[in-house]
Amino acid sequence: MDKLSKLKSHGAWVGRWTFILAATGSAVGLGNIWGFPYKAGTNGGGAFVLIYLLCILAIGIPIMISEIIIGRRSGNSPINAMRLVARDSNSSSGWQIVGWSGILAGILILSFYSVIAGICFNYIFIAASSTGSISSPDQFAEVISSPINLILWHTLFMILTALIVSAGVKNGIGRMVKILMPLLGFIMIFMVFYSVLNGDFNKAMKFLFEPDFSNVTSDTFLQAMGQAFFSLSLGMGSIMAYGAYMPKDQKVVNTSFTVASLDSLVAILAGLAIFPIIFAFNLEPNSGPGLVFVSMLSAFNQMEFGFVIGPLFFILLSIAALSSSISLLEPGVAFLAEEDILSRKRAAEILSFFIWILGLGSALSFNLWADFNLMPGRNFLDSMDFLANQILLPFGGMLIAIFVGWFMNKNLISDELGNANPLLIRIWRFFVKFIAPLSVALIFYNAIFG
Ligand code: TRP
């Protein structure tokens, strides 16, 4: 039997916009609004932002196109997609390692993602009832000091993620994303305006866009690259899994540029909303994972109707997190369901339970395990983040680029790219063959030996 006929088990998404919406829903999430600003902050600002944007262009977009091509060509979940497309290209079935490493990365990422998303849930209520009497850094310290509190919200978030994935990703997220993502964009723009008027906008612009290379190290490159992969949902098969549902007549190259631009735009908007407030309130730009919570709450505390706009902001951020988390769970669940190992529902439940347990470590890393280092100099959450973002995702992405650039059958590629602009295809080919894999390899090399 031709395995490609398994397409029926997933079915294609209807409508041109559905893929763009789902992929944007996957890409835009905590990575943009929580991760990007705080990592830019701890890495000194402008130089990190510049390297990050270069990574999006030179590594991210070429790999996104590659993931979609593989996913759509096979119509299967990432492990089988890699295996089948490799088979059809007369290459080794060993390429499926990309799918396996992706499932592992998805598990590691979702375990801490869910804890942070849980904090967003918590902040919906904090922002609604905030009287402004307690300063927001103290408020954040209080939130993370309680293991029970973090674990309860983490549990709620994992349950919601599991429920949506077990219902089948394509039922439901389309509509959710179509209305709520633009609303999130709108509220981000509103916050940027607020920051321009009430914060130290000049200092923020300088911080974000005036690169100071004096403190750039090999680690800055590794972190910026990891952030680019994370933010675009690349290197683990999320986009590949969604590509499997993409209609054949949709243009891969244009779509990838659209998704990547929207994603970067939201990250930059988040930076422009957060840093003016950080500087105006004399908060520390390098204070770490609490940055978005502390800065936004400070703003909502000051703002008229902050008790309405604040909760709305955290509701939308939580939904953005959900539309991302489902794409982290989807590759593993789709694989188990496709192989008839478990039903989709069971697979979602069991995987989520496992991820939930792992997430307890990240919840505790904020309090009881604060002094426990899983890896040298990194607590539990930082270790998960490091392993996934800075190792597994770039590694998976590099293999995907090498596979598509050097091994995948050219006719299959042309089929998928259709009549895209030939010049654009040539440029893309050059980037997947050389620039993307070599950049990842170089950044790895420098981080290890540099
Ligand atoms: N991109 C999402 C964010 O920025 C998170 C995410 C979803 C992700 N799917 C992924 C990260 C796959 C890495 C790989 O919040």
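The values are calculated or read from the model by the stated rules, or taken from the named source; none is laboratory data. Because the structure is predicted, anything quoted here is derived from the model rather than measured. Methodologically, a virtual Cβ is constructed for each residue, glycine included, from the backbone with ideal geometry; neighbour enumeration extends over all protein chains shown. Ligands, DNA and RNA are stripped out before the accessible areas are found, and what is left, the full protein with its side chains, is counted by its heavy atoms. Shrake-Rupley method; radii C 1.70, N 1.55, O 1.52, S 1.80 Å.
Checking each residue in region 430-450 for being over 14 Å from ILE400 (Cβ atoms) and crowded, with 22+ Cβ neighbours inside 10 Å picks out only ILE443.
With the structure loaded, tell me whether SER66 is surrounded by fewer than 24 Cβ atoms within 10 Å (Cβ to Cβ), within 16 Å of the ligand (Cβ to nearest atom), under 25 Å from TYR245 (Cβ atoms) and among the polar types (S, T, N, Q) or whether it fails that test. Here the answer is no, as SER66 does not meet what is asked.
Determine whether VAL259 is within 15 Å of the ligand (Cβ to nearest atom), of a type in the set (A, V, I, L, M) and open to solvent by 10 Å² or more (accessible area, probe 1.4 Å). The answer is no for VAL259. Within region 86-112, the residues that satisfy the criterion of being open to solvent by less than 10 Å² (accessible area, probe 1.4 Å) and closer than 28 Å to THR161 by Cβ are VAL98, GLY99, GLY102, ALA105, GLY106, ILE109, LEU110, SER111, PHE112.
Counting only residues that are surrounded by 14 or more Cβ atoms within 10 Å (Cβ to Cβ) and not in a helix (DSSP H, G or I), region 345-372 holds 4 of them. Checked against the criterion of being among the hydroxyl-bearing types (Ser, Thr, Tyr), over 18 Å from SER66 (Cα atoms) and within 12 Å of the ligand (Cβ to nearest atom), region 105-120 contains one or more residues that satisfy it. Taking region 1-105 as the region of interest, the helices (runs of 4 or more DSSP H) fully inside it that hold 2 or more residues being out of contact with any Asp or Glu (no Cβ under 7 Å at 6 or more places or on another chain) and modelled with pLDDT of 95 or more are 36-42, 46-55, 61-74, 78-88.
All conditions but one from (1) in a loop (DSSP other than H, G, I, E, B); (2) in contact (Cβ under 8 Å) with a residue 40 or more places away in the chain apply to SER439; the one that does not is (1).
In the set (1) closer than 17 Å to LYS203 by Cα; (2) away from the ligand (no atom under 16 Å from the Cβ), GLY290 fails one condition alone, (1).
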